[in-house]
Structures are given as structure tokens and as C-alpha cells.
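Accompanying notes for the structure given below.
The values are calculated or read from the model by the stated rules, or taken from the named source; none is laboratory data. Computed from a predicted structure; not experimentally measured. All Cβ positions, glycine included, derive from the backbone under ideal geometry; neighbour counts span all protein chains shown. For the accessible areas, the whole protein counts, side chains as well, though only heavy atoms, and no ligand, DNA or RNA atoms are used. Shrake-Rupley method; radii C 1.70, N 1.55, O 1.52, S 1.80 Å.
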Amino acid sequence: MPAFWFLLAAFLLRRFFGMSDYPKIAQLKTVAAFRARLAELGLELPVDERVLSADQGSPLAAPIQIGPLQVGNRWCIQPMEGWDANRDGSPSELTLRRWRHFGKSGAKLIWGGEAAAVQPDGRANPNQTLATASNKAGLAALLNECLVAHRAAFDNADDFVVGLQLTHSGRFCRPNTKDLEPRIAYHHPLLDEKFGIRPDDDSVVWTDDDLERLIDRYIAAAGIARDVGFQFVDVKCCHGYLLHEFLSARTRPGRFGGDFDGRTRLLFTIIRRIRETYADLHVFVRLSIFDTLPYKTSRDVGQPMDYEHLLPYRLGFGASEANPLEYDLAEGFELLRRLKRAGVLAVNISCGSPYYNPHVQRPAIFPPSDGYLPPEDPLVGVVRQIQAARACKAAVPDLPMVGTGYSYLQEYLPHVAQAVVRDGWTDIVGLGRMVLAYPELPADTLAGKAMERKKICRTFSDCTTAPRNSLPSGCYPLDAHYKQLPQAEELKKVKQEIKG
Ligand SMILES: Cc1cc2nc3c(=O)[nH]c(=O)nc-3n(C[C@H](O)[C@H](O)[C@H](O)COP(=O)(O)O)c2cc1C
Ligand code: SF4
């Protein structure tokens with residue numbers, strides 16, 4: 001009988017709340033219980049018993065030198081766009097507010113702020129920020145908002161480093177409406193099928209000549225970022241967007257595809273040209289170091305799209321050819337070495353794509369509306385990312401690195417962050433969703449304050465579901481400002497419709 005009730009409860013949770021039945025982190029009441037869960041899953045992850053403040057010598061409070069840049073501590077804010085810029089790419093009040101929150105977070109590295117498109121038709125949504133001359137004042141306003149907030153909270157910004165992330169959305173361009181207007185590196189049988197691209201439609205494939213013009217757009221965007229006062233640009237190469245897609249363009253003929261040199265040529269040409277043109281602007285790169293298969297969109301437990309007919313799988317960067325459900329970091333290590341040689345000062349290690357394997361890219365217990373129920377305990381996804389970053393750090397120790405994917409750790413995030421930095425698994429810990437819900441987490445941790453439980457991101461995925469349905473992103477469940485927006489009601493309706 002108890003088994004019956006358990007199964008019924010699991011069914012109801014799945015059916016009505018889109019929730020999986022893995023134990024939730026909030027149920028693991030002590031560090032010991034959390035460690036026991038990791039052990040049960042066979043996961044290796046250091047977890048400190050006690051979180052230290054800066055005064056008590058927290059490893060997270062130690063400064064780090066990135067080339068000539070002094071970064072005041074080991075917390076970083078990951079880039080997060082909000083689908084909330086004005087249609088001309090300039091910031092709205094919501095965009096400014098997010099950068100203000102980044103500034104007052106206490107993190108000393110703001111990795112790119114958010115993806116800013118180098119040309120209007122390269123936007124991932126009609127409300128993406130633009131890194132074009134027309135939005136120079138808007139970019140200046142974002143940087144200023146962040147710096148002013150930081151100075152107000154921490155007196156000075158001498159060891160505070162802020163960059164701008166530059167992007168072209170490639171296969172995931174939606175510059176005008178919520179309909180895709182893709183510009184792809186090559187035809188990928190599974191991604192073409194999932195996102196409705198005809199395999200014989202070559203009008204969506206970049207020509208080499210088009211790419212030469214695109215490179216010029218990146219250089220222009222970098223110049224604008226530099227003039228505005230950003231200390232670095234992040235040449236975004238992750239999450240299925242254009243530069244990341246090129247890394248797996250083995251079937252693409254010509255200079256920008258084929259072998260490793262060809263597939264990485266676009267990225268390296270942009271980096272080289274930026275460095276040649278602006279000697280005083282630093283270049284960082286955010287990288288999806290591994291990928292896995294695209295997953296089917298469904299309301300059930302996630303399953304990869306059928307791929308057996310494509311083995312050996314040569315359609316992913318950092319995915320094992322023999323078993324693409326596993327990663328293979330060999331090419332990633334080589335890429336990191338070459339990035340270092342090309343003068344890139346730091347790399348942010350991410351993975352996968354939020355569009356086709358979200359459980360890998362941003363582990364969550366509640367799926368976004370275009371996702372599926374988690375096919376694994378989200379802790380597995382967190383540790384996969386942390387271990388991959390650890391392997392990268394071991395392979396290229398003199399390249400400063402930021403780790404990603406920590407938000408699902410929830411109350412144990414500071415315990416793990418402190419341990420991995422102390423043990424040298426990563427140099428810096430990046431915060432994504434957690435900081436949308438709880439902007440002051442780094443400052444609170446360094447001040448020795450206990451985490452505020454009501455602010456902890458529980459990975460409800462509303463910040464992804466909202467933009468998937470043409471609403472601005474934000475933490476609707478926990479951030480009072482979003483709770484009272486009219487869009488919160490709209491989001492509720494969308495979620496109800498999805499549940500049916
Ligand atoms: C609302 C939202 C917007 C995001 N926007 C960007 C972006 O503009 N650029 C980027 O590189 N990653 C973006 N990401 C990915 C995050 O930077 C991060 O990699 C991801 O959320 C996983 O980290 P977390 O577990 O700390 O959330 C976004 C994530 C979210 C939730
Ligand atoms: S909506 Fe808020 S709680 Fe949910 S995943 Fe995003 S930041 Fe976390």
C-alpha cells in the first residue's frame with residue numbers, strides 16, 4: 001500500500017507540477033545528508049562543512065590576477081540576458097536593474113553581463129541588447145549602472161572587472177518575432193529536424209564571403225565596447241550559437257569547416273583581429289567545452305533524439321564519437337591551449353545548449369516549457385560540468401578559468417564553491433540563475449552571513465519559460481519586482497496552458 005501512495009504521488013507531481021521525483025536539495029537538511037546523496041549517486045564533489053567569511057580566510061575572498069587585471073575575489077556573475085531591451089537594442093529599466101544587481105552582488109568579475117548581438121539580425125530575440133554603434137549610449141548606461149552600484153556597495157571598483165559578451169545567434173536567431181530566422185554553419189540532421197530547417201535549404205548556410213563581413217561586425221562591436229570602457233570582450237562560443245556551432249562543422253567545405261584548424265578558424269580570426277585592432281582591450285572566451293545529443297521536447301522524461309544511424313557521431317564538439325551521450329575533451333583541451341597562445345586571458349567553461357539539451361546546460365528540477373523532465377538527478381548534471389572544468393584546469397593550468405552550473409546546489413553552493421576553489425578545481429565560481437533570485441549571495445557569503453533561504457533559486461525555470469513564450473526573463477517566483485509585473489499573470493496562464 002505505501003508503494004501505491006508513493007507511485008500515485010510521483011505521478012501527480014509529474015502530471016500537475018512538471019516535477020521529477022528526485023529528492024530536492026531543500027530536503028537534504030545537513031551537509032552530511034547532502035554528501036550522502038552525492039555518494040548515493042556515485043558523484044565526487046568536495047563539500048566544505050563550514051562556509052568561511054572573508055575575515056576567516058575564505059578561498060573565495062582571495063584576489064586573482066588575470067593578465068594585467070586584478071580581480072578582487074573568486075565570485076563571477078555569468079552573462080544573462082533578459083529579453084528585455086527596447087526594440088532598438090537599448091536597455092530598458094529591467095535591463096538596467098539586472099546590471100545594477102550584478103554590480104551590487106559582491107562578485108568582482110562580471111563576465112560579459114549579457115549576450116549583446118554584433119548585428120541586428122544576429123539577435124536571439126527581438127529584445128536582445130545590441131553591441132552596435134546605434135546603441136553605444138545604451139552600453140555605456142549598462143556599464144555605468146553596474147559600476148555605480150558596485151561603488152555604492154563596496155566603496156571602490158579598483159578590483160572590479162566588467163566585460164561585454166559579443167554574440168551572433170546563428171541557428172537560433174529570432175531578430176523579428178518568435179519565429180526562427182536561422183543562419184547556420186552547416187546542416188545538422190538532428191538540429192535541422194528539431195528546429196524545422198529543410199535539409200536542402202542552403203539559403204540559411206553562411207557563405208565564406210558572408211563570414212568575412214561578420215568578422216568585421218565583431219571587430220566593430222569590440223571597438224564600441226572598448227570605447228565605452230569595458231575592460232574585456234567575451235567572444236561567446238557556447239550554447240549552440242554561431243561560433244560554437246562552427247566548432248563541429250566537420251561536414252562544412254571550405255576555409256571555415258572540416259578539420260580542427262578549419263572549424264576553429266572563425267573564432268581565432270575574430271580573436272586575432274580584435275587583438276590587432278585594439279591592443280588595450282582584453283579578450284575572454286566563453287566556451288561550451290562539451291556537448292551531447294539534442295533531446296526530444298516532451299512532457300515526459302527527457303530522451304535523446306534517435307542517433308544510432310549517425311554513429312560514429314561527428315556532429316558535436318566535445319561529444320564522444322562512439323557514444324555521444326558521453327563527453328570527449330581531447331579537442332577541447334587543444335582548443336584551450338590554442339586560445340592561451342592566441343592571447344585569450346581567461347575562459348569560462350560551459351557546455352551544451354539551453355535549446356536542445358537544457359538538462360545538461362542548466363540543471364533544474366523543474367523543466368522549462370520547451371524542455372522535458374530531467375533524465376537524471378540534476379546533481380549529476382552539476383557535477384558533470386564541475387568535473388569537466390576541473391579536467392580543463394588540470395590540462396591547461398596557467399589559463400584562468402571560471403566554472404559554470406552551480407545554481408542547482410542551492411544551500412550547498414557556497415560549501416562547494418569554497419571547496420573547489422581551495423582544491424584548485426577552478427579559479428573562479430560563476431553564478432547564473434542563483435543571482436537572479438538572490439543577487440547579494442556573494443556579498444553575504446563573504447560577510448559570513450547565512451544564506452537567506454527564501455531567496456534561494458529552486459530552479460523553477462520561469463526565467464527560461466518566460467522568454468520561450470515572448471515574455472521578459474526574470475525570477476518571477478522569488479523576485480518581488482517580477483511578481484507584481486502584469487507579465488507574471490501572463491506567465492501563469494502560459495504555464496497552465498502547457499499543463500493542459
Ligand atoms: C535567463 C538566462 C539568461 C541567460 N543568458 C545567457 C547569456 O546571455 N549568455 C550566456 O553565455 N549564457 C547565458 N545564460 C546561461 C548562464 O550564464 C549559465 O550558464 C546557466 O544559467 C547555468 O548556470 P547556473 O546553474 O548558475 O544557472 C543564461 C541563463 C539564464 C537562466
Ligand atoms: S525563475 Fe528564479 S527560482 Fe526559477 S530558475 Fe530562474 S532564478 Fe531560479
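Can you tell me the dipole magnitude for the chain around its Cα centre, using point charges on the Cβ only (Lys, Arg +1; Asp, Glu -1), in Debye to the nearest 20?
860 debye
Would you kindly give the portion of the calculated P(r) for the chain that falls above 30 Å, as a percent of all Cα pairs?
Roughly 43 percent, once rounded to a whole number.
With a cut-off of 8 Å between alpha carbons and a minimum separation of six or more residues, what is the relative contact order of the chain in percent?
17 percent
By the scheme Lys and Arg +1, Asp and Glu -1, what is the net charge of all other residues having a beta-carbon under 13 Å from that of D159?
For residues surrounding D159, the net value is +1.
Could you give the length gained on full extension between D209 and N144, defined as 0.36 nm per residue of separation minus the Cα-Cα distance, in nm?
Between D209 and N144, full extension yields an extra 19.7 nm.
Out of the total accessible area of the chain (probe 1.4 Å, heavy atoms of protein only), what percent is carbon and sulfur?
Carbon plus sulfur share of accessible area: 53 percent.
I'd like to compare 58-64, 442-448: which one has the highest average count of other Cβ atoms within 10 Å, and what's the full order after that?
Answer by packing, highest mean first, reads 442-448, 58-64.
Could you tell me the calculated FRET efficiency between E326 and R453, based on Cβ-Cβ distance and R0 = 45 angstrom, to the nearest 0.05?
Computed FRET efficiency for E326 and R453: 0.80.
What lysines could a cross-link reach from K495, if we take a straight Cα to Cα line under 28 Å and drop same-chain neighbours fewer than 8 places away?
Of all the lysines, those that pass the test against K495 - Cα under 28 Å, at least 8 places apart if same chain - are K24, K178, K194, K296, K454, K455, K483.
For the stretch 412-450 and the stretch 365-385, what is the separation of their C-alpha centers, rounded to whole Å?
Value for the Cα centre distance between the two parts: 21 Å.
With a Förster radius of 22 Å, plug the Cβ-Cβ distance of N176 and R255 into 1/(1 + (r/R0)^6) and report the FRET value to the nearest 0.05.
Plugging the Cβ-Cβ distance into 1/(1 + (r/R0)^6) gives 0.15.
Quick check on the chain: helices-only [θ] at 222 nm, where DSSP H runs of length 4 and up contribute -39,500 (n - 2.57) each and the sum goes over total residues. Nearest 500, please.
Per the formula, -11500 deg cm²/dmol.
Could you please state, rounded to a whole Å, how far the C-alpha centre of the stretch 204-240 is from the C-alpha centre of the stretch 126-151?
17 Å
Going by accessible area, probe 1.4 Å, with all protein chains left in place, what is the ranking of K108, K29, K493, largest first?
K29, K493, K108
Per residue, how much accessible surface does the stretch 453-500 expose to a 1.4 Å probe? Answer in Å², no decimals.
For the stretch 453-500, the per-residue accessible area is 52 Å².
Give me the aspartates and glutamates in straight-line cross-link reach of K492: C-alpha distance below 19 Å, same-chain residues under 8 apart excluded.
Excluding near neighbours in sequence, the set is D84, D370, D462, D479.
Want the number for D300 to D398: 0.36 nm per residue separation, take away the alpha-carbon distance, what's left?
Taking 0.36 nm per residue and subtracting the Cα distance, the gain is 31.0 nm.
For K393, which aspartates and glutamates qualify as cross-link partners when the Cα separation must be under 20 Å and same-chain residues fewer than eight apart are set aside?
The reachable aspartates and glutamates, counting only those whose Cα sits under 20 Å from K393, are E44, D234, D291, E326, D328, E331, E334, D423, D427.
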